[in-house]
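The values are calculated or read from the model by the stated rules, or taken from the named source; none is laboratory data. Since we're looking at a predicted model, the values are computed, not measured. All Cβ positions, even for glycine, are placed from backbone atoms using ideal geometry, and neighbour counts span all protein chains on display.
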Amino acid sequence: MKRILYLITFTLLFGGQQLFAQIRGNNPINLNDPDEITYLDPKNYVIGGVRVTGTEYLDSDVLVTISKLVVGQYIEVPSEATANVVKTLMGQNLFDDVQLYADRITGENIFLEIRVRERPRLTRIDINGLKKSETDEVRKRLNTNSGKIVNENLVKTTRATIQKFLREKSFLYPDIKIRTEKDTAQANNEIVIVDVEKNKKIRVHAVKFDGNEAFKDKQLRKYLKGVKPRRWYRVFGPGKFKEDKYKEAKENLVAKMQDKGYRDAQILSDSVVRYDNNEVDIYLNLHEGPRYYMGDIQWSGNSKFTDSILNIILGIEKGNVYSEEKLHTKLMGPSRNSDDISALYQNDGYLTFSVQPIIKRIYNDTVDVEIVLSEGKQFTINNVIVKGNDVTNDKVVLRSIYTKPGQKFSREMLMRSVREISQLGMFDEQKINPVPTNLNYEEGTTDLEYTVAEKPSDQVELSGGYGAGQVIGTLGLTFNNFSTSNLFNRESYRPLPRGDGQKLSIRGQTSGRRYQSYSFSFSEPWLGGKKPIYFGLSAYTSSSSVGGFNMFTGQQIVPDADLSRIWMTGVTGTLGKRLQWPDNYFQVNTSLSFQRYKLQNYGNYFLFSDGTAYNINLTQEISRNSIDAPIYPTSGSHIRLTVQLTPPYSMWNNIDYQNAPDNERYKWTEYHKWKFDSQWYTKIAGKLVLKTQAQFGYLGNYTDRTPTSTFERFKLGGDGMQGFDFLQGSEIIAMRGYSNGSIIPESTGIGNANIARNSGSPIYAKYQMELRHPVMLNEQATVFVLAFAEAGNTWNKFSEVNPLKMRRAAGVGARIFLPIFGMLGIDYGHAFDPIPGLSTNDWRQNFTFSILQNMGGF
């Protein structure tokens, strides 16, 4: 009996470990389960192996590395180390469950098993309650590819992304509910379903300030641009609350206060409080601080210019209100007139010039400033390189560049070159990027690399319309980068040779037998290729008939021989040159034109009915164009003065113009014509641009013996398009709100109103103001909206001219520039002043459409 007890005791004491290993080898121990193992009797083992089970998508070796279990190292079982394995892996947010097991124990070696249950994978995210475009944008931001792990982080990210997107759209308080559903088609996959209730857009109810003494609330609200309470009179005002605009507005508010001398100004706190379901109140607690003034200004590092010259350029004196913004602008620009200190140096070759203002002392309300200059060396231009012009020849770009090899570097000439390249119309204005490269500091040389991006510049006009009882079709092709030098190079035809910056235009318009018009024009801006000498050649022929047709059916109701007809043919040649004085923005053009007009039975529509008239005239034009961009100008001006003269035939032909028949009186057209046109572009705020324009025209005769010319008169009113018109010998001037040519002189008389409308007037004046704001500015399209006010009138004699008595109109519109079609426009104008002799339906035209036409200009 004693021997049996001894054997059992010995086996338990010395064979327990092997027995434990054998039992646990068949039944692994959960090392984190207190029911299976106790921390009261831990043991040290050598890790003999680690394996991971339960994985489907994840790499087992990576999980072992994350667990920090290393084969061959000692581990105490159980211990904090075994607990940390589960804690670390669960912390990855990849699993629903992690367990650590002792697979088996052999001697001092322990073999571990990590059992995991992966979290479900994402099949897709379904979003309900948003528009398709909004859903697409949210998906793009989420970047939710299938296979992602569905966890709390995914839910939070989805919610936050949708909230941020909606807040940008002024939906500040949306209701977002997120749930998951099992995907029956895929094991361990889930579908995330998001139900969104956007609720109402939030607007600003009131903005309230606290802590301001020097600034009035009204003034501060003005500084808080982009965040203003909605008012009945603010039709297009920023009443909606947007967080990005709010952030910019706060920064602008502080900057404006500091610009007024309150350099310590700051927003201590702000809050956006819900007022009702669709409005919020904004509370801003401000600190103004004292107002500071400029003290002593010291210069250091300057050797090129003296302190007195720099002080004059700086334009800030001791005692002026201290403004960091003004100081920064006057030192580093960019200022509107390039009159800052940096421009002074960089226009003289100091490419690497830098300047830094340092506050030396602040005492009481005075700030002393030291301005430290680093002049560097003068750089000259070594090479000028053009990149990105895949179609346009290098010479076309290089001849427009004002920075030439061997010249001193000039920031002003660099910006002028950018303007000239954009004026070519063949490159995206937003992507012209000049960069100094290969700077050689020892020799003081640099290369200039102009990177451009070609854009489609050729245009097609294909349209059809119904008017005067007939259908009129138009086909026009304009090639703005034509190349005559490649006419015999077959490889360059795409579909016509391109690359030399020449312009070729062909246009045809017809309604069949009643109306036909064909025109051709060609221009070369650099005749000979060495100097900016402009050459242009244009020709046209057209014929039209009026009357004798049923206006509704188009059917002829009188014999062909009795129809009222007009045939017109013309050709014009032009030579021009860019001037260097008074500055190189000036251009002078000289044109010689010949026109032939043949009229048949035209008395009811014009001042004479039968005969042939000839018009030989010489036109001298001088213009100055400094606008910064051709499609959407933001600054600069375009001024043009034109004088057109015919020979004074009446001085030698001895014709009695009072009694002579029409075929003698009007055979040789005699007149002198004067035109002035000016456009000014001013940036108001941000991208908002004000365009102002004034136009005048006068058609006179040399002596009292001759009547005022029947041709070259002015037709004011309508869209300004040179389309189907009964007499193209008139000049069409656009004025929205009124129908084409309807603004006629008051002295014409009611009985002659329609004749005056068809013939035009010898004197006109027009004024225009237009506010423009872009919607899109890129290579594919330029889109902007506008609001306009116009005033204009016409007169028969100088004695009748009253520049203050005008026909007025106002309205709104939009323009879209597509490279292939040119400028397309639509306007709604309201005319305020009726035209005597014409019914309301005849003189009023609310909607105006235009194609290939810049309303009111050049």
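Rundown of residues vs (1) among the basic types (Lys, Arg); (2) surrounded by 13 or more Cβ atoms within 10 Å (Cβ to Cβ); (3) in contact (Cβ under 8 Å) with a residue 40 or more places away in the chain, yes/no style:
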| site | (1), (2), (3) |
| --- | --- |
| Thr55 | no, yes, yes |
| Val70 | no, no, no |
| Ala83 | no, yes, yes |
| Val86 | no, yes, yes |
| Asn93 | no, no, yes |
| Thr135 | no, yes, no |
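Tally up the residues in segment 147-201 that are assigned to a loop (DSSP other than H, G, I, E, B) and loosely packed, with under 13 Cβ neighbours inside 10 Å, please.
Adding up the residues that qualify gives 4.
Between residues in segment 794-822 that are without any contact (Cβ under 8 Å) to a residue 24 or more places away in the chain and residues that are not acidic (Asp, Glu), which pairs lie under 7 Å by C-beta distance while being six or more apart or on different chains?
Within 7 Å, the pairs are Lys805/Asn793.
Looking for something outside the structural domain of Ile358 (by TED's automatic domain parsing), of a type in the set (Gly, Ala, Ser), modelled with pLDDT of 90 or more and surrounded by fewer than 17 Cβ atoms within 10 Å (Cβ to Cβ) - is there at least one such residue anywhere in segment 300-315?
Looking through segment 300-315, none of the residues is outside the structural domain of Ile358 (by TED's automatic domain parsing), of a type in the set (Gly, Ala, Ser), modelled with pLDDT of 90 or more and surrounded by fewer than 17 Cβ atoms within 10 Å (Cβ to Cβ).
If a residue must be farther than 30 Å from Met426 by Cβ, in a loop (DSSP other than H, G, I, E, B) and either hydrophobic (A, V, I, L, M, F, W, C) or in contact with a Leu (Cβ under 8 Å, 6 or more places away or on another chain) (or both), how many such residues does segment 779-835 contain?
Going through segment 779-835 one residue at a time, the tally reaches 5.
Condition first: β-branched (Val, Ile, Thr) and free of Cβ contacts under 8 Å to residues at least 40 places away in the same chain. Can you find one or more residues in segment 488-508 that meet it?
yes
Tell me whether segment 465-480 contains one or more residues that are at pLDDT 85 or above and over 27 Å from the mean Cα position of the chain (by Cα).
Yes, segment 465-480 contains a residue that is at pLDDT 85 or above and over 27 Å from the mean Cα position of the chain (by Cα).
State which residue is nearest to Tyr402 (Cα to Cα) when the search covers only segment 509-535 and only residues that are touching a residue at least 60 places away in the same chain (Cβ under 8 Å) and part of a loop (DSSP other than H, G, I, E, B).
Ranking the qualifying residues of segment 509-535, first place goes to Pro532.
Could you pull out every one of the strands (runs of 3 or more DSSP E) wholly within segment 299-400 that has 1 or more residues that are closer than 30 Å to Tyr493 by Cβ?
By residue number, 380-387.
Go through segment 67-88 residue by residue and tally those that are closer than 15 Å to Arg51 by Cα, part of a helix (DSSP H, G or I) and at pLDDT 85 or above.
2
Say we look at segment 635-648 and pick out the residues that are more than 17 Å from Asn584 (Cα to Cα) and crowded, with 17+ Cβ neighbours inside 10 Å; which of these is farthest from the chain's Cα centre (by Cα)?
It comes out as Thr646.
Just give me the residues in segment 821-839 being within 10 Å of Ser739 (Cβ to Cβ) and surrounded by fewer than 21 Cβ atoms within 10 Å (Cβ to Cβ), in sequence order.
Within segment 821-839, Leu838 is the sole residue that qualifies.
Which residues, counting only those in segment 322-347, are surrounded by fewer than 17 Cβ atoms within 10 Å (Cβ to Cβ) and either modelled with pLDDT of 95 or more or on the phi > 0 side of the Ramachandran plot (or both)?
Listed by number, the list holds a single entry, Ser338.
Is it true that some residue in segment 426-436 is assigned to a loop (DSSP other than H, G, I, E, B), more than 23 Å from Tyr585 (Cα to Cα) and at pLDDT 90 or above?
no
Test each condition in (1) assigned to a loop (DSSP other than H, G, I, E, B); (2) surrounded by 13 or more Cβ atoms within 10 Å (Cβ to Cβ) for Val64 and report the one that comes out false.
(1)
Looking only at segment 203-226, count how many residues are at pLDDT 85 or above and within 27 Å of the chain's Cα centre (by Cα).
So the answer is 4.
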